[in-house]
1. By how many nm would the segment from residue 190 to residue 241 lengthen if fully extended, with 0.36 nm per residue of separation less the alpha-carbon distance?
2. Carbon and sulfur atoms: what percent of the 1.4 Å accessible area of the chain do they account for?
3. Work out how much length residue 107 to residue 90 would gain on full extension: take 0.36 nm times their residue separation and subtract the Cα-Cα distance, in nm to one decimal.
4. Of the listed values (i) 20.0, 63; (ii) 21.3, 68; (iii) 22.9, 73, grab the one calculated as Rg and Dmax of the Cα atoms in Å from the structure here.
5. Give me the 1.4 Å probe accessible area per residue for the range 34-166, excluding ligands and nucleic acids, in Å².
6. Can you tell which of 83, 101, 55 lies farthest toward the positive end of the dipole of the range 1-128, using +1 and -1 charges on the Cβ of basic and acidic side chains (Lys, Arg; Asp, Glu)?
7. How much accessible surface area, in Å² rounded to 10, belongs to the heavy atoms of residue 331 with a 1.4 Å probe?
8. Just to confirm the number: angle between the C-alpha axis of helix 179-188 and the first principal axis of the chain, 0 to 90 degrees, nearest 10?
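The values are calculated or read from the model by the stated rules, or taken from the named source; none is laboratory data. These numbers were taken from a predicted model, which means no experiment stands behind them. Every residue, glycine among them, receives a Cβ derived from its backbone with ideal geometry; neighbour counts consider all protein chains shown. Each accessible area value is taken on the protein alone, full model and side chains, heavy atoms only, with ligands, DNA and RNA left out. Shrake-Rupley method; radii C 1.70, N 1.55, O 1.52, S 1.80 Å.
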Amino acid sequence: MTTQSSFAQKFTDQVLDTIREHDMVAPGHRVLIGVSGGPDSITLAQVLTDLKKDLDIRISLAHLNHMLRGSHALADEAFVREFAREHNLDLVVETKNVAELAKTQRLCVEEAGRNARYDFFTRIAREKGFHRIALGHNRDDNIEQVLMNLIRGAGPRGLRGIPPVRQEKFIRPLIRMPRADILAFLDEINQGYRIDGSNEDTSYLRNRIRHCLIPFLETEFNPDIKAGIERMSGIIGQEDDFLDQMARTALDKATIKREKDQIDLSIQALNTLDLALGARVICAALLSVKQNLRRISNTHIRDILYFAGKEGESGKSLDLPGQIRVYRYRDLLRIKKEETALRTLGRHLKARRYQNGPPGENPGT
């Protein structure tokens, strides 16, 4: 580990504690670090560089140029390239026109950018054999996310905030570190970083929460509101984990057959579950097929449960985002990810009744 000031050393030790507490890496792991050039990702790259010998890991960097800020985006890329060169780190850089992607996919720019980043990191990790993908989310990001989810009416999964580890692949070593400490760390070690001017744009909900709502709550209600929200999200997270364990057990009992892109569930087993547990079982089943729950809302989950519980629906289907189609056949509910867009399968399939289940298959086999 490089020589550091007492503050920088304490900061690094706290990140190490988080890594060990959540078993984020194991000796021999290769870790891909997503680096934008901003203070969070640069801090993450610096700290993991300092800790790589202690943890016995190898690290590389990945940067996605979103093409959203013109010359500033090019300057971000150049900065990351220089950082990688100075620290002798391998770097993968790609460019993606996120604005065009948002238009094509009919998404807001924020969501399109997030999807593009995660798709990029996941693909590079798979192609180059990385065990983990490290991201620079910090304590303040988590608090802002909890408030965003609260405003949107999220359930426990949303109120638990940003998980330190997701899907045993994405890790967030800085998730317990305040933004102020991150900036102080960079100042202590005299490490530069890039500033994204869009972080000041209050037309974005997250920025309004950061610059308007949180200061208001601190001034008018609780000067230590951040600690309170973090504590609440931690409690909810523990309880959410417990309920998820129950849901996985119930899913195993309800599962008739499981394949790569589909899962068959017993309708009888689903209909005996408490509504809250049934919803979690459906979420777990969707996750096993879709690999994520993006664009899946509480309304979709309720619709599936209603579909499973309604008499006379055999042979019909429901369509969900991500090319997911839910079939019902007698006492079986099939959740399947279709290979092609649902609209190309023909609308007649939605109301057609099958004598032997969905096309070309016998769900009883």
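1. 14.4 nm
2. 49 percent
3. 2.9 nm
4. (iii)
5. Heavy-atom accessible area per residue stands at 47 Å².
6. 101
7. Surface open to solvent at residue 331 totals about 100 Å².
8. 30 degrees
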